[in-house]
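Peer 1: Have a look at this one.
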Amino acid sequence: MDQPLFPLARCDVARVALPLPVDELFEYAVPPELDEHAQPGCRVQVRVRDRRLTGVIVERTAHPQFQGRLLPIESVVDLEPALSTAMLEMLREAATEVICPFGIALATALPAGSAPRTAAGYAITSTGRAALATGAAASSDRSLLEALDRQPRTRSYLRKFGSAKRLDAFERDRLVVRTSLLRPAAARIATIRTANLASGVDVEQAAATLLARAPQQAALLRRIAAEPEIPTRSLLDAFPDAARLLRRLAEHGLVELAEKRVSRDVLGEPLEADCSVSLTPDQSACLEPIVDAIGQSRSETFLLHGVTGSGKTEIYLRAVGEALRAGRQALVLVPEITLTHQILARLRGRFGDGLAVLHSGLRPGERLEQWELLRAGATPIAVGARSALFAPLENLGVIVIDEEHDSAYKNDEGFRYHAREFARRRGAQAGCPIILGSATPSLDTRFAAERGDVKRLVLPKRIGGRPLPAVEIVDLVKERDRSPRGRKVILSLPLRSAITETLADGGQSILFLNRRGFSTAILCFECGATEHCKNCDIALVYHASVQKLRCHYCDFEIPPPDRCSECGAPDAALMGVGTQRVEEEVRSQFPNARIARLDRDTAKKRGFTESVLRGLHDRSIDIVVGTQMVAKGHDFPGVRLVGVVVADVGLHLPDFRAAERTFQLLTQVAGRAGRDAAPGRVIIQTFAPSHYAIQPVLEHDYERFYNEELGHRKGLGYPPFGRLIRALITGPDEAETRSASLELSRLVSAIAVDGSKQQLEVLGPAPAPLARLRGRHRYQLLVKGAPGPLLRAAAETLVKAAAGLAAPLQASVDVNPVSML
């Protein structure tokens with residue numbers, strides 16, 4: 001299994017980034033036969049000790065840093081670079097900024113499953129072959145060794161020959177050796193087998209001579225001649241033995257068989273043409289500077305700040321059209337997969353099917369096909385979620401980020417990039433504008449506009465002069481006091497009355513609750529205990545559909561207990577409320593209504609989300625109960641009522657952005673109502689009616705919330721007035737985890753008081769808000785300060801210390817975190 005070593009004088013050297021937690025490039029020799037294709041941006045298979053990995057060539061050099069003989073590249077995966085030189089450079093800069101190993105960043109940017117896979121396995125040694133040849137191997141061992149003599153096998157395959165202990169014994173006796181096996185990529189482009197008449201074949205002459213005694217072959221040959229590139233599967237009805245007949249015809253040189261690529265349909269049913277509408281004066285004023293930037297190939301960031309229903313999507317479509325007219329490409333991002341359906345429909349209606357879709361809801365092969373369409377230049381528009389930002393578009397004319405405030409644009413593991421920041425890099429490299437659209441911009445973006453770093457464009461009114469929906473706040477404390485003792489308030493009287501009126505008028509309703517399940521927990525009346533996950537410090541949630549208590553983090557589940565696990569009392573009650581419980585209540589109160597539920601549980605079924613959204617659009621559904629999947633970005637003209645069942649979910653989380661997210665979510669879901677001629681209505685049920693994140697929703701007053709929240713942030717030095725670094729330390733033993741977090745705190749505190757005028761504030765360590773998850777204790781450490789060299793040094797110190805932790809302790813460092821849980 002030894003590899004040849006290449007002297008440096010004989011060949012060139014490739015510097016390869018590998019998906020390993022090591023921020024360095026690895027040098028490999030380029031064999032002469034691979035020289036043509038082993039170019040920067042191409043993926044290659046290489047050996048790292050006893051493993052085979054797929055990496056990306058970053059550069060070629062004749063002056064390696066490694067002094068000695070090098071292992072060779074084993075194979076080149078891509079005939080053409082998978083990543084352009086410009087993309088490599090942007091990814092290198094972004095990885096440096098968030099302190100992520102370059103190889104991990106590159107792996108994130110490529111389609112998942114598109115590279116060959118490796119698996120741990122075993123191969124027979126010369127000693128093992130000798131044992132087989134001489135008969136020294138016991139008869140019970142021969143079958144396993146014979147299997148390995150034919151080809152190396154995975155450990156899981158070899159289990160059928162006996163226990164793992166036998167395999168370990170073989171390894172000790174040097175009969176077998178561990179190796180790394182290459183497997184085909186999980187993502188495969190769909191193909192169909194086709195048959196064609198071979199060049200120069202005279203069909204009738206062949207039928208009369210070579211096939212004179214084979215009438216079926218002659219008939220099949222005539223069929224193929226009449227229909228070039230005929231799929232072989234379509235021949236089975238007329239020729240059940242087509243496979244054998246085609247082999248014979250191919251052996252005679254009469255037909256040629258080939259695999260032809262076919263694109264699977266990920267766009268869905270065709271739509272009616274979307275006619276361009278006349279712009280309002282506000283829309284025209286907003287579009288003008290964007291068109292100017294596209295025409296001048298100028299990189300500029302615009303904040304398109306428009307109330308819900310103000311026509312932001314039409315601005316996006318006009319900008320895309322302008323880019324296409326200039327012979328350039330367009331990239332449109334949405335925060336969630338559910339939102340791709342609507343923007344996709346609008347783009348297809350305006351520009352046809354010349355676009356590609358990229359998001360994690362596609363199967364690996366489908367996603368690879370879409371990516372290849374873009375790489376081949378076969379389509380000028382890419383639409384998708386966060387990862388579509390890495391689409392191979394080499395002539396970008398505009399980048400659109402819809403709902404730019406959404407936290408889903410931040411990748412929270414591995415390569416912790418933010419789509420908004422990487423989009424700015426792409427815009428600068430391509431010379432194109434970026435449009436950040438939202439009715440509730442993030443405070444960071446809105447503050448950047450105030451500083452002049454971003455140009456703010458405002459759409460203050462809804463299209464057609466339609467009013468924003470009237471908002472009513474219901475105090476759940478008062479509602480509970482008015483209800484019979486022990487009766488849970490799910491739908492208050494005002495909300496029930498509003499649903500009744502909406503149904504009578506033929507309108508639709510959305511009932512929003514940002515919580516899955518039937519209820520939050522089972523609570524014991526005697527001692528107040530709740531049933532908790534055995535792996536996480538999280539209350540289990542009751543799911544009525546399966547009658548189980550389930551953890552939403554590790555998926556641990558148990559049947560509802562007959563007695564309290566703490567005190568043994570038999571009396572317990574479902575406390576809180578989830579989407580399943582709301583759905584049950586709605587069905588009970590409105591038995592004749594057509595009702596659907598849309599949350600993460602129901603959306604697991606492929607196509608279910610689209611069917612619910614279609615039902616809302618064609619008005620075959622009266623009431624939808626849902627989580628934030630229905631809260632933003634959608635345009636359903638028939639929705640006249642939005643009810644927020646409990647507005648407080650998330651408001652009191654230990655996260656400095658909790659108020660911002662609550663205001664954004666309430667404003668967004670309120671904006672789903674009244675988007676047609678009929679006026680809309682919003683009813684918000686809350687235990688905190690006077691909270692500063694809820695009161696501005698009454699008047700849809702973003703500026704009021706923005707100014708108040710900005711004041712809170714400024715006093716505490718939180719973004720946008722400072723930067724944050726978050727270190728999360730986890731381990732199975734709490735004392736060891738705490739000790740490690742204290743050591744990281746000590747190291748970074750030494751930097752904070754280092755003679756510089758720039759000061760850093762170190763908060764913690766302290767148990768994370770989710771103090772135990774999947775059996776691991778979690779401590780967090782926050783570093784707060786102004787951007788600059790000192791904060792950078794603190795981040796690098798934390799990353800280095802985290803890498804040095806001994807297993808089973810682990811730590812991750814997030815520069816500019818979005819989630820604090």
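The values are calculated or read from the model by the stated rules, or taken from the named source; none is laboratory data. Computed from a predicted structure; not experimentally measured. Here Cβ is always computed from backbone atoms with ideal geometry, including for glycine, and neighbour counts include all displayed protein chains. Only protein heavy atoms, including side chains, enter the accessible area calculation; ligands, DNA and RNA are left aside. Shrake-Rupley method; radii C 1.70, N 1.55, O 1.52, S 1.80 Å.
Peer 1: Considering only protein heavy atoms, what per residue accessible area in square angstrom results for region 182-268 with a 1.4 angstrom probe?
Peer 2: Per residue, region 182-268 has an accessible area of 62 Å².
Peer 1: Report the local net charge at GLU93: Lys and Arg +1, Asp and Glu -1, summed over other residues whose C-beta lies under 12 Å from its C-beta.
Peer 2: +1
Peer 1: With axes computed from alpha carbons, what is the tilt in degrees of helix 419-430 against the longest principal axis of the chain, rounded to the nearest 10 within 0 to 90?
Peer 2: 60 degrees
Peer 1: Mind giving me the nanometre distance, one decimal, between the label points for ASP149 and ARG587, set 7 Å out from Cα along Cα→Cβ?
Peer 2: About 6.3 nm, to one decimal.
Peer 1: Something else now. Long-range amide H contacts for THR125: which residues qualify at under 5 Å (H placed 1.01 Å from N, peptide plane, sequence gap of 5 or more or a different chain)?
Peer 2: VAL176, VAL177
Peer 1: To the nearest 10 degrees, how steeply does helix 702-716 sit against the main Cα axis of the chain, on a 0 to 90 scale?
Peer 2: For helix 702-716, the angle is close to 80 degrees.
Peer 1: If you take every residue apart from ARG675 with its C-beta less than 11 Å away from the C-beta of ARG675, what net charge results, scoring Lys and Arg +1 and Asp and Glu -1?
Peer 2: After counting each charged neighbour, the total is +2.
Peer 1: Lys and Arg at +1, Asp and Glu at -1: add these up for the other residues within a Cβ distance under 11 Å of GLY615 and post the number.
Peer 2: 0
Peer 1: Follow-up question, since we're still on this one. If you build the Cα gyration tensor of region 111-203 and take the root of 5 times each eigenvalue, what three semi-axes come out, in whole angstrom, biggest first?
Peer 2: Value: 39, 20, 11 Å, ordered largest first.
Peer 1: Here's another thing I want to ask about it. Treating only the Cβ atoms of Lys and Arg (+1) and Asp and Glu (-1) as charged, compute the dipole magnitude of region 148-268 about its Cα centre; round to the nearest 20 debye.
Peer 2: The calculation lands at about 1080 debye.
Peer 1: Give, as ranges by residue number, the residues of region 660-688 whose backbone N falls under 19 Å from the point 7 Å along Cα→Cβ of LYS488.
Peer 2: Residues 685-688 qualify, since their backbone N sits under 19 Å from the label point.
Peer 1: Taking the chain as the reference, fit the longest principal axis to its C-alpha atoms, fit the long axis of helix 364-375 to the helix C-alpha atoms, and give the angle between the two in degrees, 0 to 90, nearest 10.
Peer 2: Approximately 90 degrees, to the nearest ten.
Peer 1: Would you mind checking LYS461/LYS714; LYS312/LYS478; LYS478/LYS548; LYS165/LYS604; LYS455/LYS714 for any pair whose Cα atoms are more than 28 angstrom apart?
Peer 2: LYS461/LYS714; LYS312/LYS478; LYS478/LYS548; LYS165/LYS604
Peer 1: To the nearest 0.05, what FRET efficiency results for ASP241 and LYS160 with a Förster distance of 30 Å applied to their C-beta separation?
Peer 2: So the FRET efficiency works out to roughly 0.30.
Peer 1: Could you give the spread of the C-alpha atoms of region 751-821 along their three principal axes, from largest to smallest, in whole angstroms?
Peer 2: The Cα atoms of region 751-821 stretch 42, 24, 18 Å along the principal axes, largest first.
Peer 1: Under a plain spin-label model, where a point goes 7 Å from the Cα along Cα-to-Cβ, how far apart in nm are CYS567 and SER199?
Peer 2: Rounded to a tenth, the inter-label distance reads 8.8 nm.
Peer 1: Could you look at the chain and say what percent of its accessible area is carbon and sulfur, using a 1.4 Å probe and all protein chains?
Peer 2: C and S atoms contribute 50 percent here.
Peer 1: Also: Return the label of the correct value of Cα Rg over 2.2 N^0.38 Å, as calculated from the structure shown, out of [x] 1.10; [y] 0.95; [z] 1.37.
Peer 2: [x]
Peer 1: Helix-only estimate, please: 222 nm mean residue ellipticity of the chain, summing -39500 (n - 2.57) across DSSP H runs of length 4 or more and dividing by its residues, to the nearest 500.
Peer 2: That comes out to -10000 deg cm²/dmol.
Peer 1: If you place +1 on the Cβ of every Lys and Arg, -1 on the Cβ of every Asp and Glu, and leave all else neutral, what size is the dipole of the chain about its Cα centre, to the nearest 20 Debye?
Peer 2: That gives the chain a dipole magnitude of about 1320 debye.
Peer 1: If you scale each eigenvalue of the Cα gyration tensor by 5 and take the root, what three semi-axes come out for region 327-381, rounded to whole angstrom and sorted largest first?
Peer 2: Gyration-tensor ellipsoid for region 327-381: 17, 16, 9 Å.
Peer 1: Per 0.36 nm of contour for each residue apart, how much would the distance between LEU257 and VAL48 grow if the chain were fully extended, relative to their Cα-Cα spacing?
Peer 2: 71.3 nm
Peer 1: Averaged over all directions, how much area does the convex hull of the C-alpha atoms of region 676-763 cover when projected, in nm²?
Peer 2: Result: a mean projected hull area of 10.8 nm².
Peer 1: Going by accessible area, probe 1.4 Å, with all protein chains left in place, what is the ranking of MET87, MET629, largest first?
Peer 2: The most accessible residue leads, giving MET629, MET87.
Peer 1: Once Rh for region 714-792 is found with the Kirkwood sum over Cα pairs, what is the Stokes-Einstein diffusion coefficient at 4 °C and 1.567 mPa s, in µm²/s?
Peer 2: 98 µm²/s
Peer 1: Given that compact globular proteins tend to follow 2.2 N^0.38 Å, what is the ratio of the alpha-carbon Rg of region 103-157 to that value?
Peer 2: In units of the globular-protein estimate, region 103-157 measures up at 1.74.
Peer 1: Could you tell me the largest-minus-smallest coordinate of the C-alpha atoms of region 20-173 on each of the three principal axes, in descending order and whole angstroms?
Peer 2: 60, 31, 28
Peer 1: Output ³J(HN,Hα) for region 790-805: one whole-Hz value per residue in order, computed from phi by the Karplus curve 6.51 cos²θ - 1.76 cosθ + 1.60 with θ = phi - 60°, and x for Gly and Pro.
Peer 2: Result, rounded to whole Hz: 5, 5, 4, 4, 5, 4, 5, 5, 5, 5, 5, 5, 5, 5, x, 5.
Peer 1: Ok, one more. Hey, what's region 386-472 come to in accessible area per residue, 1.4 Å probe, Å²?
Peer 2: About 33 Å² of surface per residue is accessible.
Peer 1: If you don't mind, another one. In terms of modelled amide H atoms, which long-range or inter-chain residues lie less than 5 Å from the amide H of HIS405?
Peer 2: SER442
Peer 1: For SER278 and ALA208, calculate 0.36 nm times their separation in residues minus their Cα-Cα distance, and state this gained length in nm to one decimal.
Peer 2: 18.4 nm
Peer 1: Here's a follow-up. Please provide three numbers in whole Å: the alpha-carbon extents of region 664-821 along the principal axes, with the largest listed first.
Peer 2: Result for region 664-821: principal-axis Cα extents of 63, 42, 26 Å.
Peer 1: Shape of region 147-275 from its Cα gyration tensor (a ≥ b ≥ c, root eigenvalues): rounded if a/c is under 1.5, otherwise prolate when a/b > b/c, or oblate?
Peer 2: Oblate, since a/c reaches 1.5 and b/c is not below a/b.
Peer 1: Right, something else. Quote to one decimal, in nm, the extra length available between LEU20 and ARG792 on full extension: 0.36 nm per residue of separation minus the C-alpha distance between them.
Peer 2: Contour length minus the Cα-Cα distance gives 275.7 nm.
Peer 1: Taking H placed 1.01 Å from N in the peptide plane, check which residues at least 5 places from GLY306 or on another chain put their amide H under 5 Å from its amide H.
Peer 2: SER438, ALA439, LEU459
Peer 1: Quickly work out the LEU698-to-ARG614 label distance, labels modelled 7 Å from Cα along the C-beta direction, and quote it in nm with one decimal.
Peer 2: 4.3 nm
Peer 1: Mind checking the alpha-carbon convex hull of region 45-130 and giving the volume per residue in Å³?
Peer 2: 162 Å³
Peer 1: By average Cβ neighbour count within 10 Å, what is the ranking of 446-458, 92-104 from highest down?
Peer 2: In decreasing order of mean packing, 446-458, 92-104 become 92-104, 446-458.
Peer 1: Right, something else. Can I get the semi-axes of region 227-373's equivalent ellipsoid? Compute them from the C-alpha gyration tensor as square roots of 5 times the eigenvalues, in angstrom, largest first.
Peer 2: Its equivalent ellipsoid spans semi-axes of 46, 16, 14 Å.
Peer 1: Any idea what the dipole of region 674-809 comes to, in debye rounded to 20, about its Cα centre with Lys/Arg Cβ at +1 and Asp/Glu Cβ at -1?
Peer 2: Dipole about the Cα centre, nearest 20: 260 debye.
Peer 1: Could you tell me, in Å, what Rg and Dmax come out for the Cα atoms of region 301-393?
Peer 2: 13.1, 38
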